[in-house]
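Okay, so here's the structure we're looking at.
No value in this document is a laboratory result; all are computed from the given coordinates. Not measured: the values here are computed from a predicted model. When we count neighbours, we look across all protein chains shown, and the Cβ atoms used for this are built from the backbone with ideal geometry, even at glycine.
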Amino acid sequence: MRVSSQMVIAGAGGHARVLIEAVRTQGRWIVAALTDPIVQGQVMGVPVVGTDQELPRLCQQGLTAALVGVGSVRRPTVRVQLYDRLREIGFVLPSVCHIRSTVSPTAELGAGTVVLAGAVVNAQAVLGRNVIVNTGAVVEHDCTIGDHVHIAPRAVLGGDVVVEPQAHVGMGAIVLEGRRIGAGTVVGAGAVVNRDLPPNTVCVGVPAKPIRSLTDDHVGV
């Protein structure tokens, strides 16, 4: 499928700013518009054209590529909703790798996945859709990262790690080789994961241990 040279980013906050820079380093697309329910005016020279209600119109006008410009620090509920909406409208969601990231040619990146400055994705790693590999993070060889996962800045995943969908690995966390992080689980900043972690839990410490379950109405850390 041919991707337009122009794209829209849904969101205009901090994560969107980082995405604008990453897209610009590639030189493949022009970020022509942003949508946001709160921010108005311009962000880094890109106009905020209105709320997400403008997305169908933008797609019809030829901005056929899009990215989710909202980050996540706990559960990625908003990111998942935006991703699904962009797909339903008909946008193409390309993967984007900052020019100063290192991504193995044997790695696989799903639609809408972003690898930011200084990050490393090594040989035969498989990343799902709408994944964030944030600044300076390391995803080692043969890792499997599920859809909508966020690997936060400076987190390090050893070889053969599995991170199930919608999990969050916090800043500076370390996940030892071969471990599995359950779906929806939040690993706290600086934690060291030396054993498999169950789904839908908050896990913190050295070594990382579950401290509480996560439910739909209680997602804070």
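Mean-square fluctuations from a GNM of the chain, with a 10 angstrom spring cutoff on Cα atoms, peak among ARG74, ARG100, ARG87 at ARG87. Toward the positive end of the charge dipole of the chain, about the Cα centre and with charges on Cβ (Lys, Arg +1; Asp, Glu -1), which of LEU82, SER72, VAL162 goes farthest? The residue sitting farthest along the positive end of the dipole is SER72. Of HIS150, HIS98, HIS15, the residue with the greatest mean-square motion in the GNM of the chain, using alpha carbon springs below 10 Å, is HIS15. The overall shape of region 111-221 is prolate: from the C-alpha gyration tensor, with semi-axes ordered a ≥ b ≥ c, the ratio a/c is 1.5 or greater and a/b exceeds b/c. Site pair ARG74 and GLU108 shows an inter-label distance of 3.3 nm when each label is modelled 7 Å from Cα along Cα→Cβ. The GNM of the chain, with springs linking C-alpha atoms under 10 angstrom apart, assigns the highest mean-square fluctuation among THR144, THR201, THR25 to THR25.
In region 16-43, whose amide N lies under 13 Å from the spot 7 Å out along Cα-to-Cβ of THR51? List them in ranges. Counting backbone N atoms under 13 Å from the label point, the list is 36-39. Would you mind classifying region 4-65 by shape? Square roots of the alpha carbon gyration tensor eigenvalues, ordered a ≥ b ≥ c; an a/c under 1.5 is rounded, otherwise it is prolate if a/b is larger than b/c and oblate if not. Because a/c hits 1.5 or more and a/b fails to exceed b/c, region 4-65 counts as oblate. Taken along the Cα-to-beta-carbon direction at a fixed 7 Å, the label points for ASP84 and GLN60 span 2.4 nm.
Kindly provide log₁₀ I(q)/I(0) values, in the same order as q = 0.16 Å⁻¹, from the Debye equation applied to equal alpha-carbon scatterers of region 1-122. Log10 I(q)/I(0), no solvent term: -0.72.
Net charge dipole, region 76-217: roughly 320 debye, given to the nearest 20, about the Cα centre with Cβ charges of +1 for Lys and Arg and -1 for Asp and Glu.
In the chain, helical runs assigned H by DSSP with n ≥ 4 each contribute -39500 (n - 2.57); averaged across all residues and rounded to the nearest 500, the mean residue ellipticity at 222 nm is -4500 deg cm²/dmol. This model, with +1 at the C-beta of Lys and Arg and -1 at the C-beta of Asp and Glu, gives region 1-109 a dipole about its Cα centre of some 180 debye.
Less than 5 angstrom separates the built amide H of VAL193 from those of ILE174, VAL175, LEU176, ALA208, all sequence-distant by 5 or more or on a different chain.
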